[in-house]
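Where a number appears in this text, it was derived from the coordinates with a stated rule and is not lab data. Since we're looking at a predicted model, the values are computed, not measured. Positions of Cβ are generated from backbone atoms using ideal geometry, with glycine treated the same way; all protein chains shown enter the neighbour counts.
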Amino acid sequence: MQNRCAVPSCTGTKPDSQPLFRFPHDPERSKKWVEKCQRPDLKDKSPDQLYRYYRLCGKHFEPSLIQSETQSAVLKDDAIPTIFDAPSQPQNVQVKRSKETTKDDETESTGRKKLKKSQAETAKDDVQPLSEEEEYKEYLKSLFEVLILLGEQSIPPTGPGDKKDGLGSTNFQALLEYRINCGDDALIKSLTASGRGLSDSCPLRRRRRLSKRLLSEMTDKWGLDMGQCRGQAHSCSGTHLSKIKTFAAKLMEKYPKAVLAIRSTRTFNVSLANGMALSGVQLVMSTLKKIESFFSQSTLLQLELEHAISIFYPDKEEKAKELKEICQSSWTRRHDVFDVAVDILEALLLCVDSVHDNEDMRWNDQVTHNALEISKALADFEFVMALIVLKNTMILTRAFGKNVQGTAADVHFAATSLKALLHSLKEVSDNIDVYHEFWNDEAVNLATAMEIPVEVPRSFLRKNHVNSGAIRPESYYKEHLSVPIANHIIKEMNELFCEDHLKALRCLSLVPAVIEQHRSTEPEEECVQVFKDDIPNAGSLSAELHCWWVKWSKKGKGETFASSLHETLQLADVKFFPNMLAVLRLIGVLPTLALEDGCDVAYKRFQMYMANTPDEFKSKSLALLNVNYDVGYNLDAIVDVYMKTYPDREETS
C-alpha cells in the first residue's frame, strides 16, 4: 500500500495533511482515474490492485468533491480527479508571443496558482487529524495486509529460523520494516507516537505484543463453526485409522449432521486400501507410491518398463499396447489399480532388476538404489498375496467407487445400489474359505512364475518365535489377509454410507437430467427431509418438490437439461424454488462428490503447501489463505470484525 500520491509530479503524503484516497473499486471510474493521473504504467493493473496499493491526494480534486466527516475526509461516490499540473513544454520548441499575450498568460498563471493554494488550504482546513481509534484501525489494516500477503504467497510469518515471538527476526518483521521504510504512515505513527523507548507503556512494546497475539490467533486459534458442517472426510494411513475413527465418531456424536464421507480427491478403492492396518496391504500401498515416484523421474525409465511389458506379452500386441498406455498415466491412482498391478507385475520386476543391474551404466546410484528397494518388495510373497486378495475383493467395489465419484446420475445410481453391493460382499465373507483357496492358488502360481518362494513373513516368525515350518502359508494368509480385508471392506461401507449420507446422495435425483431420466418416479421427499432443518420453508416442501419434478419431467425436442449440480445451481429458475436451492447447495459441499473440472485448484495448492512448508511453519489458518489466494479481502470489514471480537484489545495490548 502506497502512502503517497500516485501522480508522478505530486509530493502529496499524509504527513503534509493532504488526505489520500484509494482508487475506486468500480472498473470504469478506476480507468478514468488512471487516465487523469498521467500514469500509463497503471493501465494493466486491475481495479482491485489499484484499490489496494495506489492513492491520489486531495490536491487533485475539486474541494466540493471532498466531504469532511467526524474524523476523516471522504470523496463523493462519483468523484473524478481533475486538477493536475500541465506537463512542461520541451526546451527546443520556440513559441512567439506578443507582450500582451505574455502578460495575459502571467495573469492566468498567477490566478491558477492562487486557486490551487486556496483549494489546498480549504482541503487542509477540512481534514481533521485521525482519532486514536482510527489510527488503531489503520494500524490493524497494515498488519492484516502483511499477514494476508504472507499467507497467499505461502511464506511462513515466523520464519526464517525457529523464533516464534511474533516479530523478532521473522519474515513478518522484515515485511513490516519494509513497509515502514516505504512510508506506511500507520506503522510509522504506531512506533513514534511516544518516542522509541521500550517501556511497557510505549507503543512499540504494546504493538509488538499485539502483533504477537494477532499472529498467534491467525495461526493457532482460528476455528470452524462445526454446527454448519454437513460432511467430514479424512486422509490417513491404516496405522492411524483407529484414532481418526474415534475422532470422527465423537464429532458425529456432537454434530450429527457432519456425516462421515469419502474423499473425492482419491479413488474409492485406493482410499479403502490405505485405511487397512494390515502389514501386507501397507506393503502394497507403500510400494505403489514408490513405483509412481520412481517412473516419474525420467521418460527413459518409462521406456524401460514398456520394453519389459513387450517381453511378457509377445503374442498379445493389443493387450501390451493397452498396458503401455495405462502406464503412461497415473495408473497407481486408478479405480482398477490392483488389476493393472497384477497384469504388469512380472514386467515391473524385470524392469527394476535391469535398472539395478545397470550393466550399460545408464543410471546413477540413487536410481539403482530405488530400483533395488522396489525389487525387494515385489519379490516378497506377502506383497504378491496381498495384491491378489485386494484385486479379487475390490473388483466388487470398483464399479460402485467409480459411480459414486462420477456424474450426478452415476452417484444417484450408486446410492441406490449399495444394498446389492453389501449383499455380494457378505456372500464373499460367509464363504471366505472357498474364495481364499482360489486366491491362494492364483498367488502361488504367479509367485512360482516369478521365482518367488512361498513363505510366511519373516517378521511374523521373529515376533512370535515360530519356526518357518510350524505354520502353513495358506492358513496364515487366510487369517491375516483374506478374512480381515473382507471384513474391513464391509465395515467401511456401512460406516461411510450411513442412512443420512445415502439420503443426501439420493437427493441428486433433483438434478434436472436425473429427473428426466427417471421421469416416471417423483424424487423421494423422505430423502430431502434430511435437510429439513436447513431449508427456508419446510411447510411448503411437498408442494415445491412436486412443482420442481413437473417442471423437469418433460423434455422438449432438442432441449438439454442441466446434468450436474453446478449447472443446476446456475439455472435462472432455481431462485423461485428456495427449498430446492438450499438442498442443492448443501449436497454440493459433501466431500464424497467429485469436483468439477478445474475446481480442484485449491486442493492442489493445499498439497503443495503441505509438501513445501516445513513442519514447524505449517499453519491451518495460513494454509487456508494460501489455497484461496484468488479471494478478495475487505480489510475494513476484517478490522471491524476483529475490533468487535476483541473490544478491549487496544487498551490491554
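For this structure, a couple of remarks:
- Checking the Cα-Cα distances for Lys250/Lys491; Lys31/Lys137; Lys551/Lys575; Lys257/Lys644; Lys290/Lys478; Lys36/Lys59 against a 20 Å cut-off, the pairs over it are Lys31/Lys137; Lys257/Lys644; Lys290/Lys478.
- Inter-label distance, nm, simple model (7 Å from Cα along the C-beta direction), Asp41/Ser330: 4.1 nm
- Dipole magnitude for the range 501-589: computed about the Cα centre from +1 point charges on Lys and Arg Cβ and -1 point charges on Asp and Glu Cβ, it is near 220 debye.
- The slack in the chain from Thr416 to Ser475, taken as 0.36 nm per residue of separation less the alpha-carbon distance, amounts to 17.5 nm.
- A Förster radius of 56 Å, combined with the Cβ-Cβ distance separating Cys236 from Asp315, puts the computed FRET efficiency at roughly 0.80.
- Shown here for the range 444-551: GluC sites (Glu not before Pro) in loop regions (DSSP other than H, G, I, E, B) with at most 12 other Cβ atoms within 10 Å, namely Glu451.
- Note: relative contact order over the range 308-385, using C-alpha pairs below 8 Å and six or more positions apart, is 25 percent.
- Put a dot 7 Å past the Cα of Asp640, heading toward its Cβ, do the same for Ile244, and the two dots end up 4.1 nm apart.
- Total charge dipole magnitude, the range 521-565, about the Cα centre, Cβ charges on Lys, Arg, Asp, Glu only, Debye to nearest 20: 400 debye
- A full extension of the chain between Glu616 and Ser459 corresponds to an added length of 53.1 nm, given 0.36 nm per residue minus the alpha carbon distance.
- R0 of 35 Å, Cβ-Cβ distance Ser542-Glu499: FRET efficiency to nearest 0.05: 0.95
- Neighbour-limited loop hits for trypsin sites (Lys or Arg not before Pro), the range 289-382 (at most 10 other Cβ within 10 Å; DSSP other than H, G, I, E, B): none
- For the range 600-645, size of Cβ-based charge dipole, Lys and Arg +1, Asp and Glu -1, in debye: 120 debye
- Cα centroid separation, the range 529-579 to the range 290-333 (Å): 47 Å
- Karplus-derived 3J(HN,Hα), 6.51/-1.76/1.60, for each residue of the range 21-27, Hz, glycine and proline x: 10, 5, 5, x, 5, 4, x
- Taking amide H as placed 1.01 Å from N in the peptide plane, the amide H of Val259 sits under 5 Å from that of Gly231, Gln232, each at least 5 places away or on another chain.
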